[in-house]
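The values are calculated or read from the model by the stated rules, or taken from the named source; none is laboratory data. Model, not experiment: these values are computed from the prediction. Here the Cβ is made from the backbone with ideal geometry for all residues, glycine too, and neighbour counts use every protein chain on show.
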Amino acid sequence: MVLVSSDELRRQLRHSLRLMRKAPGFTATALATLALCLGANLAIFAVVDAILLRPLPFPDPDSLVRVFNTYPRAGVMDDGASVTNYYEPDWSAVRSSRMAGDRTIDRARDSG
């Protein structure tokens, strides 16, 4: 490992700043690349931290199950499931919770 004195470091820093001033296009490209790489690194670590490193926010994570649909006649053995496959919302409750302007549109749609 090479140790550099503070004077040498200051001199090298001034020289590198001078070179960056002479080539602004290269400097901008290098800084943009560094910023993009740092942002990507932070995003990936945030996902890894949230998914892999932290425990699940449930009282008993070992009891979680996976729900899926199978359609043997269609040859689909493992199809994803969603709430809309099993739940039909009460549209009258949705209509009554909208703003007044939306109610007039619903009345016109229901009457015609």
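Worth pointing out:
- The residues of the stretch 41-86 that are among the aromatic types (Phe, Trp, Tyr) and modelled with pLDDT of 85 or more amount to a single one, Phe45.
- Boolean, Leu36 is within 21 Å of the chain's Cα centre (by Cα), farther than 30 Å from Thr84 by Cβ and loosely packed, with under 10 Cβ neighbours inside 10 Å: no
- For the stretch 40-65, residues that are part of a loop (DSSP other than H, G, I, E, B) and surrounded by 10 or more Cβ atoms within 10 Å (Cβ to Cβ) total 1.
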